[in-house]
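The values are calculated or read from the model by the stated rules, or taken from the named source; none is laboratory data. None of these values were measured; they are calculated from a predicted model. Counting neighbours? That spans all protein chains shown, and the Cβs are built from the backbone with ideal geometry, glycine included.
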Ligand code: SF4
């Protein structure tokens with residue numbers, strides 16, 4: 001039986017998964033205040049993945065650390081974005097790599113064999129000042145090193161003995177990182193809708209928002225420079241068409257539309273003109289508000305539209321369609337539509 005501390009360090013292990021299963025936790029149980037630290041840490045894991053690209057190892061409270069992993073996996077699964085899946089899986093895998101570098105050779109070998117089925121032998125061999133501690137069968141080696149670009153990982157540059165590649169301790173840890181990333185990516189990519197208690201949904205929304213705010217910076221798909229109105233989600237189309245027809249919009253609807261257009265790359269003058277020409281809004285005040293949302297004034301934060309859950313709460317989620325069932329944020333809808341248009345060779349700019 002795996003210890004709680006071991007499960008906290010490596011929560012993806014089969015033993016750790018079984019340990020969590022013995023607690024028979026249900027999603028609704030997480031609404032109990034006694035789980036707020038677990039939820040906080042779960043949210044922190046995903047936030048660290050988004051912001052830092054690595055999840056920290058917070059091992060002071062082993063039970064919280066262990067339970068926060070499946071919670072974080074659930075958050076990512078519910079957000080349902082392929083780029084976030086990859087970002088999170090990599091950040092958790094880098095955490096594991098950092099921890100493994102401090103483990104004994106025996107521990108590394110046990111994980112490699114028991115969790116990933118590696119054909120691996122423990123050795124001790126010194127060559128050219130390098131201490132090799134493992135021999136890994138070349139098929140397992142190739143499966144994991146194939147994505148590395150550095151010359152030192154190419155099979156022709158490796159020391160081999162009877163079909164086995166010699167590895168240092170750190171190299172073995174690096175190859176295990178690849179396995180862990182793959183395993184976690186498969187786990188989080190099972191996207192789906194789950195009815196969540198409010199305390200959990202709030203955190204999912206925050207994670208989805210944080211991800212949208214940082215997507216471009218962390219290398220996610222860039223939006224096209226021209227606005228593609230055909231790709232607008234139903235709520236934004238409704239707000240846009242409402243504005244054009246002179247319908248009075250709520251503050252939330254105006255904020256959602258403006259922040260959406262800002263993030264979609266519409267020129268600020270054009271947005272100001274849209275509002276001023278079809279309403280009796282004061283141009284100076286409208287410009288000030290739009291520039292504030294665009295991050296040119298005040299806190300210098302560029303705002304993103306609210307999440308779908310917040311839009312629903314404020315009654316501005318109109319006519320959600322089939323794609324809406326898969327996403328948590330209006331900008332995610334827009335990105336997916338644009339990707340689909342590109343695949344089909346379609347898509348017209350708005351103006
Ligand atoms: S589900 Fe989201 S994207 Fe779709 S209409 Fe509602 S708020 Fe807009």
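What the table below lists for this structure:
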read-out	value
Failed item, numbered, when residue 257 is tested on (1) within 29 Å of the chain's Cα centre (by Cα); (2) surrounded by fewer than 17 Cβ atoms within 10 Å (Cβ to Cβ); (3) more than 8 Å from the ligand (Cβ to nearest atom); (4) closer than 30 Å to residue 201 by Cβ	(2)
Residues located in the stretch 24-59, provided they are free of Cβ contacts under 8 Å to residues at least 12 places away in the same chain and part of a loop (DSSP other than H, G, I, E, B)	24, 26, 32
Some residue of the stretch 244-251 being farther than 30 Å from residue 53 by Cβ and surrounded by 14 or more Cβ atoms within 10 Å (Cβ to Cβ)	yes
From 230, 205, residue being outside the structural domain of residue 77 (by TED's automatic domain parsing), touching a helix residue (DSSP H, G or I) at 6+ places or on another chain (Cβ under 6 Å) and in a helix (DSSP H, G or I)	205
Of residues in the stretch 324-345 being away from the ligand (no atom under 16 Å from the Cβ) and within 20 Å of residue 266 (Cβ to Cβ), the one surrounded by the fewest Cβ atoms within 10 Å (Cβ to Cβ)	342
Some residue of the stretch 141-154 being surrounded by 13 or more Cβ atoms within 10 Å (Cβ to Cβ), outside any helix (DSSP H, G or I), outside the structural domain of residue 15 (by TED's automatic domain parsing) and at pLDDT 95 or above	no
All positions within the stretch 293-323 that are part of a loop (DSSP other than H, G, I, E, B), under 17 Å from residue 258 (Cα atoms) and near the ligand (Cβ under 10 Å from one of its atoms)	305, 306, 307, 314, 316, 317, 318
Qualifying residue in the stretch 62-71 (condition: farther than 30 Å from residue 212 by Cβ, surrounded by 14 or more Cβ atoms within 10 Å (Cβ to Cβ) and in contact with a helix residue (DSSP H, G or I) (Cβ under 7 Å, 6 or more places away or on another chain))	yes
Filter result for residue 271 (free of Cβ contacts under 8 Å to residues at least 24 places away in the same chain and in contact with a helix residue (DSSP H, G or I) (Cβ under 8 Å, 6 or more places away or on another chain))	yes
Matching option when the condition is touching a residue at least 12 places away in the same chain (Cβ under 8 Å) and under 19 Å from the mean Cα position of the chain (by Cα), among 67, 63	67
Search result, residues across the stretch 103-119 that are within 16 Å of residue 15 (Cα to Cα) and not in a helix (DSSP H, G or I)	117
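Quick grid of which residues meet (1) within 16 Å of the ligand (Cβ to nearest atom); (2) over 29 Å from the mean Cα position of the chain (by Cα); (3) outside any helix (DSSP H, G or I):
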| position | (1), (2), (3) |
| --- | --- |
| 241 | yes, yes, no |
| 248 | no, yes, yes |
| 284 | no, yes, no |
| 289 | no, yes, no |
